């Protein structure tokens, strides 16, 4: 491993990469009672650490090799690193990407390459693109730039570990790195363990893309049959031979995290930096939090490497929805209440002053009503206490917080037609986002009117958008108007809305 120390110390990364800052995370540090410092690799020119390894590999090539050109297979950050490196070194790069690659990533490769990168779209997956790249390599005598399983690539990534030790000379308990194929953590571990063997180097993977975790456990490389794609930057079925060898020798352990924990980590970083990481970029944060809780750490210095910020914008809604669950700050409940006037109000009273994040209900049965609710809590203990309170008051309750189908699909599907909901009218309201707004609505309403539909989702604004169906007899129209006037919330009558007529009547 001495050779890696020399390779890292002499790596040629700073022609294109910057020494990324090591920044304190005061909000997160206070919450987990440890000193968290963020290694900001998301601030590289390509918004990812991948530039280091790609450039170091290409900078070692001979003039003849550079003249022939290089080739890489990637659908993300490595492709951008190779493209920018090719432009800097004045060589041509062929980037093979799956046909399913989002246009934003294709455009990014073109931008960073500035004419030096030729993009070939082939196959539906990375494996398809990789196989095609190998064929093109042989045909055109190109040099393959591997995303992780190459000593020069590993050494380039290892400069991150060198920078951390130079930037933080005091005690460090552990450094956390995301693992896909293993290039990042291999480079960091190879340097840190040679210089400061007392510092733990801990890898983090998602539980549905855990190739390195399984390989280290089996003491041989394990190929996954499939991988989860939420953290697409670490979705690797088989880790590298060299990265496995280095990790086996130097990595202390690999921690597994789930999708919700990654979403919570993205939010944590945003709160401290106002930056938005991609899922793979936040893995190290999620792992550090899990590790600190498991080991009951206090006052220790933890350094997660924020490995990338190439976030697809359309994922932000999903991340926001799942972040609270990942932090155990939202409970998802299915509650059965009697279909009688006042029972809805009783249920809301039992929830107390807790913030409601979502509320879905549709009339379906004249005797019982099924309510799907999201409630803000302080943790699992409060969820259990709330469930117990509801059950004690004879409201059958099911905790769906860990139910993937409920979180992904059911919360968007609650609804449907209610032919027995006679005299139903449909109103859309804007409620102020403050405790008591819902109870004010319920207490102002005529107690003889039945709520036949209720849909609310917290959108993070100063007001909540609520759709309410009420069974109001025709002779109560004046009383209805008086109720609306007294309530004082902005409202819209949606009873004639064609969407309501098509799907909810």
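How many residues does segment 485-505 hold that are in contact (Cβ under 8 Å) with a residue 40 or more places away in the chain, over 36 Å from the mean Cα position of the chain (by Cα) and either in a helix (DSSP H, G or I) or closer than 15 Å to residue 440 by Cα (or both)? Summing the residues that are in contact (Cβ under 8 Å) with a residue 40 or more places away in the chain, over 36 Å from the mean Cα position of the chain (by Cα) and either in a helix (DSSP H, G or I) or closer than 15 Å to residue 440 by Cα (or both) in segment 485-505 gives 2.
In segment 34-62, the residues that are not assigned by TED's automatic domain parsing to the domain that holds residue 81 reach residues that are in a loop (DSSP other than H, G, I, E, B) and surrounded by fewer than 21 Cβ atoms within 10 Å (Cβ to Cβ) with C-beta atoms within less than 6 angstrom, at least six apart or across chains, in these pairs: 34/297; 34/300; 40/21.
Here residue 380 passes the criteria (1) touching a residue at least 12 places away in the same chain (Cβ under 8 Å); (2) within 23 Å of residue 442 (Cβ to Cβ) except the one numbered (2). Among the residues of segment 103-121, those that are closer than 17 Å to residue 89 by Cβ and outside any helix (DSSP H, G or I) comprise 114, 115, 116, 117, 118. Elements of the type strands (runs of 3 or more DSSP E) sitting completely within segment 281-369 and holding at least 2 residues that are assigned by TED's automatic domain parsing to the domain that holds residue 471 and closer than 20 Å to residue 394 by Cβ: these cover 330-338. Screening the candidates 281, 299, 287 for the property of being on the phi > 0 side of the Ramachandran plot, modelled with pLDDT of 95 or more and in contact with a strand residue (DSSP E or B) (Cβ under 8 Å, 6 or more places away or on another chain) yields one hit, 299.
Can you name every residue in segment 246-272 that is part of a helix (DSSP H, G or I) and either within 19 Å of residue 209 (Cα to Cα) or in contact with a strand residue (DSSP E or B) (Cβ under 7 Å, 6 or more places away or on another chain) (or both)? Correct list: 247, 248, 250, 259, 260, 261, 262, 263, 264, 265, 266, 269. Screening segment 122-224 for helices (runs of 4 or more DSSP H) wholly inside it with 1 or more residues that are in the same structural domain as residue 86 (by TED's automatic domain parsing), buried (at least 21 other Cβ atoms within 10 Å of the Cβ) and in contact with a strand residue (DSSP E or B) (Cβ under 9 Å, 6 or more places away or on another chain) returns the ranges 126-140.
In the set (1) within 28 Å of residue 161 (Cβ to Cβ); (2) surrounded by fewer than 22 Cβ atoms within 10 Å (Cβ to Cβ); (3) in contact with a helix residue (DSSP H, G or I) (Cβ under 7 Å, 6 or more places away or on another chain), the condition left unmet by residue 302 is number (2).
Of the residues 384, 406, which is assigned to a helix (DSSP H, G or I), exposed (fewer than 14 other Cβ atoms within 10 Å of the Cβ) and not assigned by TED's automatic domain parsing to the domain that holds residue 260?
Numbers: 406 fails: exposed (fewer than 14 other Cβ atoms within 10 Å of the Cβ).
Every option except 384 fails the conditions.
The values are calculated or read from the model by the stated rules, or taken from the named source; none is laboratory data. It should be emphasised that the depicted structure is a prediction, and the values quoted were computed from it without experimental measurement. Don't worry about glycine lacking a Cβ; one is built from the backbone with ideal geometry, like all the others, and counts go over all protein chains shown.
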